[in-house]
Amino acid sequence: MTNRQDRRFAAKLARQAQKRGKTPTERALFTAAAAFSAEEPVELDFALEGFDAAWAKLEPELDAFLEGGFEAFRREVFAQGAWAGLTATSPSGEETAFDLQPILFPVAGEAAEIRRFVADPVSLGTLGSSLRESGVFPENAAIAILPVVLAPAAVDLAGIGPAAVSRLVDGLSGLIEGAAAGDASARADAALADAALPHVGEAEGDLSALLLGIALTPVEDWDLPDGEVEARQLAMAATRASWLDTYAAALPFRLDEPVFWHEAASSLAWHDVAGRIEAEIARRGIEASVSRIDACLAPETGDPVLAVQAGTVRLGPFHAPRALVFTDIDGFAGLAERFAGELVEHERPGQVLRLLADAR
């Protein structure tokens with residue numbers, strides 16, 4: 001559409017939003033959806049009565065209202081729910097703005113090893129310190145890593161509510177405000193219980209889940225020329241890669257870089273698949289690096305199915321869970337492409353399975 005058509009469409013949605021919804025919460029959601037469609041700021045009060053119930057009820061209507069743009073809107077709503085803005089005043093009267101956000105680390109490996117790690121306050125403190133010392137987060141950031149492990153369902157945006165995540169942020173804010181380390185487990189458990197988010201209990205064997213932290217960081221100015229934004233993003237990517245190659249690589253389980261809530265589902269799905277790919281490469285003693293991934297959707301389940309090429313060898317099929325991937329399928333594809341260098345998407349599963357059959 002042209003800019004004029006875009007403006008007309010946005011105005012049409014705004015008029016429709018004023019007529020939709022039977023409760024203040026429902027009307028607020030339609031108004032936010034219209035603002036999102038118009039690329040205007042989305043403002044929501046997650047403390048509105050029955051927010052998550054209204055969110056779940058209206059999902060089909062919001063999807064139709066946004067004409068297929070609901071998934072991007074959902075990620076924006078969760079990004080807001082998993083954030084709080086704070087302001088601190090120095091003795092001289094200078095004010096500094098801060099972002100308070102949960103951070104999540106996809107993790108995979110032996111459940112016993114992961115449980116030992118989260119039960120050790122020294123290990124959790126070292127993880128938080130490593131993020132500042134390596135430059136993944138600013139040196140003046142405050143970071144607390146919690147002695148809990150979240151289940152994958154906790155980041156399935158189709159199965160949880162944004163107000164629940166917002167309550168978690170409120171409940172965990174005290175950890176940043178200097179709560180005693182001994183209170184961390186109790187505070188985290190209370191916040192998770194209030195938010196009703198599932199966490200992993202006494203699991204055995206292999207585990208794919210998420211570590212949880214909370215970070216308070218100074219607000220960064222991204223109002224920069226495109227070239228400077230790109231340079232900053234490249235520098236951040238290099239810093240995170242270095243952290244993965246040093247601190248994370250030394251752990252007895254697979255730990256990925258921290259992400260925010262709206263990114264966590266697709267990141268966890270990819271992290272799990274990448275771990276299985278790397279394990280298969282190691283098991284077969286393949287020295288070549290991965291150079292290409294071919295992907296399709298399984299007709300029975302809709303799960304992404306991947307065939308991996310490493311040198312002259314084809315590996316797979318590797319399956320990823322649809323529920324997590326489809327919270328941000330473009331994000332999942334981007335991670336796969338970054339891992340392999342080339343991602344080829346196919347409409348027919350037979351095209352991918354044939355590659356694997358020919359390689360056997």
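Points to keep in mind about this one:
- In the range 203-230, the residues that are in contact with a helix residue (DSSP H, G or I) (Cβ under 8 Å, 6 or more places away or on another chain) and open to solvent by 90 Å² or more (accessible area, probe 1.4 Å): GLU204, ASP206, TRP222
- Subset of the range 127-155 (residues that are assigned to a helix (DSSP H, G or I), over 12 Å from ALA215 (Cα atoms) and not aliphatic (A, V, I, L, M)): SER130, GLU133, PRO152
- Residues of the range 303-345 that are open to solvent by 20 Å² or more (accessible area, probe 1.4 Å), in contact (Cβ under 8 Å) with a residue 60 or more places away in the chain and either small (Gly, Ala, Ser) or in contact with a strand residue (DSSP E or B) (Cβ under 7 Å, 6 or more places away or on another chain) (or both): ALA323, GLY331, PHE339.
- Residues of the range 57-71 satisfying the condition of being open to solvent by less than 70 Å² (accessible area, probe 1.4 Å) and under 24 Å from ALA195 (Cβ atoms): LEU58, GLU59, LEU62, PHE70
- Of everything in the range 270-282 that is open to solvent by less than 10 Å² (accessible area, probe 1.4 Å) and in contact with a strand residue (DSSP E or B) (Cβ under 8 Å, 6 or more places away or on another chain), the residue that is nearest to ALA151 (Cα to Cα) is HIS271.
- Where helices (runs of 4 or more DSSP H) fall wholly inside the range 17-82, the ranges with 3 or more residues that are closer than 14 Å to PRO162 by Cα, of a type in the set (A, V, I, L, M, F, W, C) and in contact (Cβ under 8 Å) with a residue 60 or more places away in the chain are 51-65, 70-81.
- Selection count, the range 346-360, where residues are assigned to a helix (DSSP H, G or I), exposed (fewer than 13 other Cβ atoms within 10 Å of the Cβ) and at pLDDT 85 or above: 1
- Within the range 330-360, being among the aliphatic types (A, V, I, L, M) and touching an Asp or Glu at 6+ places or on another chain (Cβ under 8 Å) holds for ALA333, LEU343, VAL344, VAL352, LEU355.
- Screening ALA235, ALA164, ALA158, ALA184 for residues that are part of a helix (DSSP H, G or I), at pLDDT 90 or above and either open to solvent by 30 Å² or more (accessible area, probe 1.4 Å) or out of contact with any Gly (no Cβ under 9 Å at 6 or more places or on another chain) (or both) leaves exactly one candidate, ALA235.
- Scanning the range 86-108 for residues that are open to solvent by less than 50 Å² (accessible area, probe 1.4 Å) and either of a type in the set (Lys, Arg) or under 15 Å from ASP170 (Cα atoms) (or both) gives PHE98, ASP99, LEU100, GLN101, PRO102, ILE103.
- Looking across the range 109-127, just one residue is open to solvent by less than 60 Å² (accessible area, probe 1.4 Å) and of a type in the set (Ser, Thr, Tyr), and that is SER123.
The values are calculated or read from the model by the stated rules, or taken from the named source; none is laboratory data. All values reported here derive from a predicted model rather than from experimental measurement. Note: ideal-geometry Cβ built from the backbone for every residue, glycine included; neighbour counts use all protein chains shown. Quick note on the areas: whole protein, heavy atoms, side chains included, nothing else; ligands and nucleic acids left out. Shrake-Rupley method; radii C 1.70, N 1.55, O 1.52, S 1.80 Å.
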